[in-house]
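Taking it in order: structure first as structure tokens, then the write-up.
The values are calculated or read from the model by the stated rules, or taken from the named source; none is laboratory data. Treat the numbers as computed from the prediction; the structure is a model and nothing was measured. Because the Cβ atoms are built from the backbone with ideal geometry, glycine has one as well, and the counts that use them run over all protein chains shown.
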Amino acid sequence: MKKSVFFVLIMAIAVSLSSQVIKETVPVVKPDYLQKSKRQSTIAYATGIPGCILFSVGGIMSMSQFAAGFGGGPPYDASKVRTGDALMIAGGGLLLIGFPFQLAARKNKKRAMTMSIKTEAIQQFQKERFLTSRVPSLALKISL
């Protein structure tokens with residue numbers, strides 16, 4: 001008896017561990033995509049603009065010391081070149097981070113523009129006759 005109860009208990013635990021939880025999904029609609037696009041665009045600008053500035057300042061710092069190596073100008077300062085290179089690397093990294101966010105924002109905005117909610121007329125059978133009723137539906141345009 002103990003073995004059979006133990007076996008049933010082990011089987012119940014094994015089945016419950018491998019089962020999937022069914023989660024209700026909320027349909028994604030146009031305002032959700034537009035809000036997501038706006039957040040991604042904000043992130044893209046927040047990383048892209050400082051990235052451009054840092055990259056430009058770093059390039060100017062590095063190039064200002066380039067002519068000093070040929071003589072006739074101020075003495076060559078290696079620390080300015082290293083600082084300029086570091087700023088260029090940091091700016092390039094920020095630009096690389098912002099670029100995928102900009103692409104995703106554009107994609108989500110395009111997706112939101114193809115979605116719309118409109119009412120569709122459907123035929124329903126009620127009390128021995130057909131009735132036409134309006135039902136809200138989500139329309140999605142797919143360009144081929």
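Things worth noting here:
- The residue of region 108-132 that is modelled with the lowest pLDDT, among those that are among the hydroxyl-bearing types (Ser, Thr, Tyr) and surrounded by 12 or more Cβ atoms within 10 Å (Cβ to Cβ), is SER116.
- The residues of region 1-40 that are at pLDDT 80 or above and among the small types (Gly, Ala, Ser), listed by number, are SER4, SER37.
- Taking first residues from region 122-144 that are part of a strand (DSSP E or B) and partners that are basic (Lys, Arg) and at pLDDT below 75, the Cβ contacts under 7 Å between residues at least 6 apart in sequence or on separate chains come to SER137/LYS118; ALA139/LYS118.
- The set of residues in region 93-102 being surrounded by 15 or more Cβ atoms within 10 Å (Cβ to Cβ) and free of Cβ contacts under 8 Å to residues at least 60 places away in the same chain consists of LEU94, LEU95, ILE97, GLY98.
- The single residue among ALA46, ALA105, ALA90 that is modelled with pLDDT of 85 or more, more than 28 Å from TYR33 (Cβ to Cβ) and either surrounded by fewer than 13 Cβ atoms within 10 Å (Cβ to Cβ) or of a type in the set (A, V, I, L, M, F, W, C) (or both) turns out to be ALA90.
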